[in-house]
Amino acid sequence: MKIMPNRLDRGFEIYQEEFEKKALEVLRSGWYVLGKEVDAFEKEFAAYTGSAHCVGLGNGLDALWLAFRVLGIGAGDEVLVQANTYIASVMGITINGATPVFVEPDAFYNMDPCAIEEKITERTKAILVVHLYGQASDMKTITAICKKHNLRLVEDCAQSHGACVDGKMTGTFGDIGCFSFYPSKNLGGFGDGGAIVTDDPGIASDMRMYRNYGSEKRYYNKVVGANSRLDELQAGLLRVRLSHMEELTAERHKLAAKYTAGIKNPEIRLPAVREGCDCVWHQYVIRCEKRQELIDYLNEREIGTIIHYPIPPHLSEAYSSLGYHRGSFPITEHYADTVLSIPMYNGMTDEEQQYVIDALNAF
Ligand SMILES: *Cc1c(COP(=O)(O)O)cnc(C)c1O
């Protein structure tokens, strides 16, 4: 049996008729950018997250860098971010000329709340939390730290659509929640897409201006903005998927529970979930000290896996100018050397999952 790490085709097939109907409707509407589908999606996604406002954008990276731009964070400012994240989180900071200050992760792959305060200086302006792998971070502690030190709080929710802390959704704890709708995300489109959510009407209207060349009124440009508009086709298709988010997330919980109950191998460490923090299982990430052996073993059985992520941002060539080296963030580096995401997707069959479990247990 051949098992791929992800199957976007399955996610399409579950609601194929609805997607096709909506695609035709948008194509035939004669209106393709910033129209009624985007308006409706923004209202529905704001309601889903429990935010007052949502602004649809071109992708998740734009959501991040525009968030810091709108908050006025740039050159000379420092932003704390966990060291074990996807590099886009860091680019969202550095595109604005601000400096990323890395914080080591905890046992749940999120920013370690105990390691934050020692990194705060008089230049620190904000914290960017990343709810990595679908796991909500310790927002109770982090929001208290932000309040105490008067810091802005931005959340990278590209992997955490629907994940909650004590019933409150990630993306709603700080000033701005940033989302990506890249096809492989929990709420994924059929191309690029993104959004921010906020309770602040000023941030929402600034974001609307920035996404459209810095203009509020046609051909009157107030600031140098971006072209980062969610398009009508994506918005329409995302509305279809959003209407099924509850069952899609429930299915991921079920898949994760089966892995957690079924994988029994002392060579493999299973993911843990922090008490009170929900996980929507964007990835099911195991750790193994003999990772390459395990990857090769699974490959022989036609089971595909992915490493999220093999090179942490501080060791990436793109950030060599920051001057970090191997050893700068040992926990992050250890995770980068041992993590492995096993196949996990909506529409995964029981048989497929059992095949993966049996292979992992036989390793
Ligand atoms: C996917 C992702 C992004 C970037 O989103 P894009 O839509 O691909 O630009 C940012 N942060 C994290 C944690 C992500 O997983």
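Laboratory data are not the source of any read-out in this text; all were calculated from the coordinates shown. Please read these numbers as outputs of a predicted model, since none were measured by experiment. When we count neighbours, we look across all protein chains shown, and the Cβ atoms used for this are built from the backbone with ideal geometry, even at glycine.
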Per the Kirkwood definition applied to all pairs of different Cα atoms, how many angstroms is the hydrodynamic radius of the range 265-343? 14.2 Å
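Using Cβ counts within 10 Å as a stand-in for footprinting exposure, how do 334, 314 rank, fewest first? If you can, show how the numbers build up before the last one.
On the way: 334 14, 314 21.
Listed from fewest to most nearby Cβ atoms, that is 334, 314.
Please return the longest range in the chain lying between exposed loop sites, taking trypsin sites (Lys or Arg not before Pro), DSSP loop only, at most 10 other beta-carbon atoms within 10 Å, and leaving the sites out.
Details: sites that count: 2, 218, 264, 326.
Within the chain, the longest run free of exposed trypsin sites (Lys or Arg not before Pro) spans 3-217.
Give the longest segment of the chain that steers clear of GluC sites (Glu not before Pro) in DSSP loops with at most 12 neighbouring Cβ atoms within 10 Å, not counting the sites themselves. Let's see the in-between values first.
Numbers: sites that count: 122, 275, 289, 302.
After excluding every exposed loop site, the longest remaining stretch is 123-274.
Only sites in a loop by DSSP and with at most 15 other Cβ atoms within 10 Å count here; which chymotrypsin sites (Phe, Trp or Tyr not before Pro) in the range 1-53 make the cut? List each step's numbers first, then the result.
Working: sites: 12, 15, 19, 31, 32, 41, 45, 48; in loops: 15, 31, 32.
When the chymotrypsin sites (Phe, Trp or Tyr not before Pro) of the range 1-53 are filtered for loop state and at most 15 Cβ neighbours within 10 Å, 31, 32 remain.
Rounded, prolate or oblate, given the Cα gyration tensor of the range 227-363, with a/c below 1.5 counting as rounded?
On the way: a/c = 1.87, a/b = 1.07, b/c = 1.75.
The shape class here is oblate.
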Would you kindly calculate the mean projected area, averaged across all directions, of the convex hull enclosing the Cα atoms of the chain, in square nanometres? 18.2 nm²
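In which sequence would 180, 228 go, from the one with the fewest C-beta neighbours within 10 Å to the one with the most? Numbers along the way, then the final one.
Values: 180 29, 228 22.
Exposure proxy ranking, most exposed first: 228, 180.
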Between the range 48-76 and the range 112-139, what is the separation of their alpha carbon centroids in Å? 17 Å
From the C-alpha gyration tensor of the range 64-201, square roots of 5λ in Å: 21, 17, 14
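Please work out the Cα convex hull volume for the range 266-308 and give it in Å³ per residue. Walk me through the numbers before you get to the answer.
Details: hull volume 3.8 nm³, N = 43.
Normalising the Cα hull of the range 266-308 by residue number yields 89 Å³.
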List the lysines whose Cα sits under 26 Å from the Cα of residue 148, skipping any in the same chain fewer than 8 residues away. 119, 125, 140, 168
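Can you tell me the alpha carbon radius of gyration of the range 123-189 divided by the globular rule-of-thumb value 2.2 N^0.38 Å? Intermediate values should be presented prior to the final figure.
On the way: Rg = 12.0 Å, N = 67, 2.2 N^0.38 = 10.9 Å.
That works out to 1.11 for the range 123-189.
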Along Cα→Cβ, 7 Å out, is where each label goes; now give me the distance between the ones at residue 75 and residue 119 in nm to one decimal. 2.4 nm
